[in-house]
Amino acid sequence: MSETGRELPSRAAVVIIGGGCMGVSTAYALAAAGVGEVVLVDKGPLGSGSTSKAAGGVRAQFSDQVNIELAVRSLETFETFADRFGQEIDLHRPGYLFLLDSPEAVAEFEKNVAIQNDLGVPSRILSPREAGELSPLIDTDGLLAAAYSPTDGHCTPESVVLGYAGAARRHGARLLPNCAATGIETVNGRIVAVHTEGGRIETDTVICAAGAWSRAVGEWVGVDLPVTPLRRQVLVTEPVPDLPPMAFTIDFATTFYFHREGPGLLLGMSDPEETPGFKLDRSDAWLPRLGEAMARRAPALLEIGVGTGWAGLYEVTPDHNALIGTAPGVDRFIYATGFSGHGFLMSPAVGEVVRDLYLDREPFVDVSGFDARRFALAGARPEINIV
Ligand SMILES: Cc1cc2nc3c(=O)[nH]c(=O)nc-3n(C[C@H](O)[C@H](O)[C@H](O)COP(=O)(O)OP(=O)(O)OC[C@H]3O[C@@H](n4cnc5c(N)ncnc54)[C@H](O)[C@@H]3O)c2cc1C
């Protein structure tokens, strides 16, 4: 029996460890493809890891071709999500606007926009004046240009988890919140069971979707998943009367970003002095730097009171790109983790990819470059367009 008193299945075709956006999207994709006995376990409520802390941004503006393809495919799913899964996700598409204030950044984004356009993304470079029209609260002083894509936007991560979880269960998957995995049993390099707080589940396949906690899961089977937890905080303002429409705006140099959230704004920024660790408490250390970025790029925001805020974990890899693949050396351990702060927006497509890895089918995009061994073998594969 699990902690919640439910009967634990004694065996499964596959056990997914982690019930964030990656785990539930994968559970749905597998069950919908007809895979029986799909079991997912999460140590807490579904979506309670990084997914529920995400700012909800969904965009296809990346520098790495595979990220663009994963994001485009996911945007298509978000667009039809409510109809397909019967779950409203509050998708808004005001576009993403990257503000650029150095010639190097402009050159980099021009190159990225060309790659994105080749893959069907309608992104383009704008003048500072055009950027100001799309984001009326910014000060365009010192800006050289901006990159914009009108099909980017934001939606609600918890709703996406609910939609996938419900659909996975309707297709027969067993999703077990509050049931931590505690180990993986192997015999001669073959997985034979997953141990959980609620008991042992016999299986020959494990999918690691444990987000920031993945390194420990990999260690159970001797697989190095270089994922580091790094605290990231966001603030939500009080309601702002007469708030104009605006793009999801990011000051690329500082990573300061904001977008409309209900009647107010959600804002965030990276803290270069943050140190790795499973820190989920809020800290004020980042606020002076945030205040400086606001004063320079969107001084009007300094007049608005803060309503609430929270801290979550980025699941960072050495090159800020994901780890997706099937581990050699142990039969059969599949992983999809380390999305380095842009995983929510890729989760629909990643679920499809992991399903295909499980079924030994060719995924719609070649993810072999995201193999976790790349740091030891060919080297890193940097994604520069992260915030
Ligand atoms: C402040 C903030 C803002 C963000 N904004 C965005 C954004 O705008 N757009 C975007 O795309 N991404 C954003 N992200 C990143 C995004 O949240 C993550 O990339 C994404 O949620 C990763 O999903 P996941 O399913 O891999 O991980 P998680 O959601 O963390 O899920 C992993 C799950 O594994 C479970 N788990 C761990 N260990 C075990 C175990 N031993 N047994 C059972 N279960 C276990 C955890 O409880 C957790 O629920 C943001 C993140 C933060 C912190």
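The values are calculated or read from the model by the stated rules, or taken from the named source; none is laboratory data. Since the structure is predicted, the reported quantities are computational estimates derived from the model, not experimental observations. Quick reminder, even Gly has a Cβ in these numbers, built from the backbone with ideal geometry, and neighbours come from all protein chains shown.
Restricting the first member to segment 277-297 and to residues that are closer than 20 Å to Asp139 by Cβ and surrounded by 12 or more Cβ atoms within 10 Å (Cβ to Cβ), and the second to residues that are at pLDDT below 95 and of a type in the set (S, T, N, Q), no beta-carbon pair is closer than 7 Å while six or more apart or on different chains. Right, Ile138: farther than 30 Å from Pro229 by Cα, away from the ligand (no atom under 16 Å from the Cβ), assigned to a loop (DSSP other than H, G, I, E, B) and touching a strand residue (DSSP E or B) at 6+ places or on another chain (Cβ under 7 Å) or not? Yes: the conditions hold for Ile138.
The set of residues in segment 315-340 that are among the small types (Gly, Ala, Ser), surrounded by fewer than 24 Cβ atoms within 10 Å (Cβ to Cβ) and not in a strand (DSSP E or B) comprises Ala327, Gly329, Ser340. Gly351 satisfies every condition listed in (1) in a loop (DSSP other than H, G, I, E, B); (2) within 15 Å of the ligand (Cβ to nearest atom) except (1). With respect to (1) surrounded by fewer than 22 Cβ atoms within 10 Å (Cβ to Cβ); (2) over 17 Å from the mean Cα position of the chain (by Cα); (3) not aromatic (Phe, Trp, Tyr), the lone exception for Ser270 is condition (2).
Ile324: more than 7 Å from the ligand (Cβ to nearest atom), more than 30 Å from Leu144 (Cα to Cα) and either of a type in the set (Val, Ile, Thr) or touching a strand residue (DSSP E or B) at 6+ places or on another chain (Cβ under 7 Å) (or both), yes or no? Here the answer is yes, as Ile324 does meet what is asked.
Checking each residue in segment 11-61 for being outside any strand (DSSP E or B), within 13 Å of the ligand (Cβ to nearest atom) and among the aliphatic types (A, V, I, L, M) picks out Met22, Val24, Ala27, Leu46, Ala54, Ala55, Ala60.
Annotation: Lys279 fulfils all but one of (1) at pLDDT below 95; (2) charged (D, E, K, R); (3) within 16 Å of the ligand (Cβ to nearest atom); the unmet one is (1).
In this structure, is Pro288 within 16 Å of the ligand (Cβ to nearest atom), farther than 30 Å from Arg355 by Cβ and of a type outside the set (Phe, Trp, Tyr)? So Pro288 does not fit the description; no.
Here segment 168-177 is the region considered, the condition is being outside any strand (DSSP E or B) and within 16 Å of the ligand (Cβ to nearest atom), and the residue that is farthest from Leu8 (Cα to Cα) is Ala168.
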